[in-house]
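Trainee: Once you've had a glance at the structure underneath, I'll fire off some questions.
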Amino acid sequence: MRRQRLLSATLALSIAGAAACWGFQRETPDRHYTLYVFGTLVEIVVPESERRAAERILPAISAEFTVMHRDWHAWQPGEMTRLNAAFAAGESMTVSPLLAEAILQGQKLEAASGGLFNPAIGALIGLWGFHSDDLPIGPPPTDEAIETLVAAHPSMADIHIDGQEVYSNNPAVSLDFGGFAKGTALDWAAGTLQDAGVIDAVLNAGGDVNVIGRNGAKAWRVAIRDPSGWGAIASVELKPGEVLYTSGNYFRYREDAGIRYSHILDPRTGRPVGGVVSASVIAENGALADAAATALSVAGSEHWRETARLMGLSLVLLVDSDGAIHMTPEMRQRIRLEEDAGTTAIFIEDLNAPEAGKPDAPGSPTAIN
């Protein structure tokens, strides 16, 4: 089957949470380097010809990843947990330039998403048990506890920055950068590699991918993960400087009494999203794509188009809970859908159309290739 042929020719990533993989063949060997950040292995692949330039800068990248992992951790002791404690106490705190810049970026992303992406709801995420390295078990939090936090309306807009002095006029604000930290880290690392003279590379963090340059004479080809298994539903060639990020509920969740609760929460209700299994975004900025994949999941299969417009996106693909694929016409032109992807229907939806698109060749994913 075509999917089997694709996977046999790709570098399959055995990283927990992987949503994408890429395939390539060169006459000369590639160099693979593995780093660690935010609980995820980061693999950087460069051609042998650029090995020296990469190896000169990789120690600095690894050191910065270590700082990010320590200071941006939402529940382990570090700069972010100290800042969250200051918010709760109504106090200000002097933060590092790195954290101040990330807060500003989080504010912009929340505003761009219309509030559907909100890094200030860390208390809600913790309430649901997702501030842990292990999957939470047992019944979900009480309605009263959820509604109390939602009623406080924590928002990135409640945070004020004066130089490096930061405070919040809302003690309910609790930062959690899980929705855009990987994108921010890979953007920085990609830029650092380029500044060091690396012109072709792939960076992968748990399946979220940034590409630099090309794969020899060809573009890098990346596979979009099938949320129902370890295969791929589609593949796409990424242009130099593009990124592909996917947000899904198939690895991190809470399960109780046969009900699975997604780790992606709707800031408006404080409850896990339903209806969308995964959302994939191609863009030119990892932080934006990372945050957008979350926001689109919150928007759902009925309202994702408005969120995509707000965030300036044109290359979007969603898989809903019925197995149907929703995508923009621009994404349709770029992807090659696997013949045995097992979708129930394909919806091509113009972001500027007044109504959702019509099913395109239901049950026949080979219509897109």
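Trainee: Might you let me know whether segment 143-163 holds any residue that is within 19 Å of the chain's Cα centre (by Cα), surrounded by fewer than 16 Cβ atoms within 10 Å (Cβ to Cβ) and at pLDDT below 95? Before the answer, list the steps.
Mentor: Of the residues in segment 143-163, the ones within 19 Å of the chain's Cα centre (by Cα) are 156.
Imposing the further condition that a residue be surrounded by fewer than 16 Cβ atoms within 10 Å (Cβ to Cβ) reduces the set to none.
No: zero hits.
Trainee: Without any contact (Cβ under 8 Å) to a residue 60 or more places away in the chain, surrounded by 13 or more Cβ atoms within 10 Å (Cβ to Cβ) and aliphatic (A, V, I, L, M): is that true of VAL95 in this structure?
Mentor: On the way: without any contact (Cβ under 8 Å) to a residue 60 or more places away in the chain: no; surrounded by 13 or more Cβ atoms within 10 Å (Cβ to Cβ): yes; aliphatic (A, V, I, L, M): yes.
So VAL95 fails the test.
Trainee: Something else: Please work out which residue is surrounded by the fewest Cβ atoms within 10 Å (Cβ to Cβ), limiting yourself to segment 303-327 and to residues that are in contact with a helix residue (DSSP H, G or I) (Cβ under 7 Å, 6 or more places away or on another chain) and among the polar types (S, T, N, Q).
Mentor: Checking each candidate, the answer is SER314.
Trainee: Out of curiosity, is ALA145 in contact (Cβ under 8 Å) with a residue 12 or more places away in the chain, among the hydrophobic types (A, V, I, L, M, F, W, C), closer than 30 Å to TRP304 by Cβ and touching a His at 6+ places or on another chain (Cβ under 9 Å)? Spell out how you get there, then give the answer.
Mentor: Working: in contact (Cβ under 8 Å) with a residue 12 or more places away in the chain: yes; among the hydrophobic types (A, V, I, L, M, F, W, C): yes; closer than 30 Å to TRP304 by Cβ: yes; touching a His at 6+ places or on another chain (Cβ under 9 Å): no.
Criteria not met by ALA145.
Trainee: Does GLU50 qualify as being acidic (Asp, Glu), closer than 29 Å to ILE199 by Cβ, at pLDDT below 95 and in a helix (DSSP H, G or I)? Quick ask: steps written out before the conclusion?
Mentor: Numbers: acidic (Asp, Glu): yes; closer than 29 Å to ILE199 by Cβ: yes; at pLDDT below 95: yes; in a helix (DSSP H, G or I): yes.
Judged against the criteria, GLU50 is a match.
Trainee: Then there's this: Run down LEU135, LEU186, LEU99 and say which single residue is closer than 30 Å to LEU203 by Cβ and out of contact with any helix residue (DSSP H, G or I) (no Cβ under 9 Å at 6 or more places or on another chain). Write out each step before concluding.
Mentor: Details: LEU186 fails: out of contact with any helix residue (DSSP H, G or I) (no Cβ under 9 Å at 6 or more places or on another chain); LEU99 fails: out of contact with any helix residue (DSSP H, G or I) (no Cβ under 9 Å at 6 or more places or on another chain).
Result: LEU135 is the single residue among LEU135, LEU186, LEU99 that is closer than 30 Å to LEU203 by Cβ and out of contact with any helix residue (DSSP H, G or I) (no Cβ under 9 Å at 6 or more places or on another chain).
Trainee: Check off (1) modelled with pLDDT of 95 or more; (2) buried (at least 17 other Cβ atoms within 10 Å of the Cβ) for ARG82 and give me the number that stays unchecked.
Mentor: (2)
Trainee: Out of everything in segment 244-292 that is outside any strand (DSSP E or B), hydrophobic (A, V, I, L, M, F, W, C) and within 14 Å of the chain's Cα centre (by Cα), what residue ends up being surrounded by the fewest Cβ atoms within 10 Å (Cβ to Cβ)? Show your work before the answer.
Mentor: Within segment 244-292, the first condition is being outside any strand (DSSP E or B), and the residues that meet it are 249-252, 257-258, 263-264, 267-270, 273-275, 284-292.
Still in the list and also hydrophobic (A, V, I, L, M, F, W, C): 251, 257, 264, 273, 287-289, 291-292.
Imposing the further condition that a residue be within 14 Å of the chain's Cα centre (by Cα) reduces the set to 251, 264, 287-289, 291-292.
On the way: PHE251: 14, ILE264: 24, ALA287: 26, LEU288: 26, ALA289: 31, ALA291: 31, ALA292: 34.
Of everything passing the filter in segment 244-292, PHE251 is surrounded by the fewest Cβ atoms within 10 Å (Cβ to Cβ).
Trainee: Being closer than 24 Å to GLU101 by Cα and without any contact (Cβ under 8 Å) to a residue 40 or more places away in the chain is the filter here, so list the residues in segment 278-307 that pass it.
Mentor: Result: VAL281, single match.
Trainee: Here are some residues: GLU306, GLU284, GLU339, GLU330. Which one is of a type in the set (D, E, K, R) and within 14 Å of LEU116 (Cβ to Cβ)?
Mentor: Details: GLU284 fails: within 14 Å of LEU116 (Cβ to Cβ); GLU339 fails: within 14 Å of LEU116 (Cβ to Cβ); GLU330 fails: within 14 Å of LEU116 (Cβ to Cβ).
Going through GLU306, GLU284, GLU339, GLU330 in turn, the sole match is GLU306.
Trainee: A follow-up question, please. Does PRO240 qualify as being more than 30 Å from ALA157 (Cβ to Cβ), in contact with a strand residue (DSSP E or B) (Cβ under 9 Å, 6 or more places away or on another chain) and either crowded, with 17+ Cβ neighbours inside 10 Å or modelled with pLDDT of 85 or more (or both)?
Mentor: Values: more than 30 Å from ALA157 (Cβ to Cβ): yes; in contact with a strand residue (DSSP E or B) (Cβ under 9 Å, 6 or more places away or on another chain): yes; either crowded, with 17+ Cβ neighbours inside 10 Å or modelled with pLDDT of 85 or more (or both): yes.
So PRO240 passes the test.
Trainee: Residues of segment 58-78 being within 17 Å of HIS131 (Cα to Cα) and surrounded by fewer than 16 Cβ atoms within 10 Å (Cβ to Cβ), which ones?
Mentor: Hits for segment 58-78 are ARG70, GLN76, PRO77.
Trainee: Have a look at GLU110, GLU48, GLU43 and point out the one that is free of Cβ contacts under 8 Å to residues at least 40 places away in the same chain, among the acidic types (Asp, Glu) and either more than 19 Å from VAL173 (Cβ to Cβ) or surrounded by 15 or more Cβ atoms within 10 Å (Cβ to Cβ) (or both). So that I can check it myself, show each step before the final result.
Mentor: Details: GLU110 fails: free of Cβ contacts under 8 Å to residues at least 40 places away in the same chain; GLU43 fails: free of Cβ contacts under 8 Å to residues at least 40 places away in the same chain.
Unique residue meeting the criteria: GLU48.
Trainee: Just to check your reading of the model, which residue among LEU175, LEU104, LEU116 is modelled with pLDDT of 95 or more and surrounded by fewer than 21 Cβ atoms within 10 Å (Cβ to Cβ)? Spell out the reasoning first.
Mentor: Values: LEU175 fails: surrounded by fewer than 21 Cβ atoms within 10 Å (Cβ to Cβ); LEU116 fails: surrounded by fewer than 21 Cβ atoms within 10 Å (Cβ to Cβ).
From the options LEU175, LEU104, LEU116, the qualifying one is LEU104.
Trainee: Consider segment 188-218. How many of its residues are at pLDDT below 90 and under 22 Å from the mean Cα position of the chain (by Cα)?
Mentor: The qualifying residues number 2.
Trainee: What single numbered condition from (1) in a helix (DSSP H, G or I); (2) in contact with a helix residue (DSSP H, G or I) (Cβ under 6 Å, 6 or more places away or on another chain) fails to hold for LEU203?
Mentor: All conditions are met except number (1).
The values are calculated or read from the model by the stated rules, or taken from the named source; none is laboratory data. The shown structure was predicted, so the numbers you read here are calculated from the model rather than taken from an experiment. Cβ: placed from backbone, ideal geometry, glycine included. Neighbour counts: every protein chain shown.
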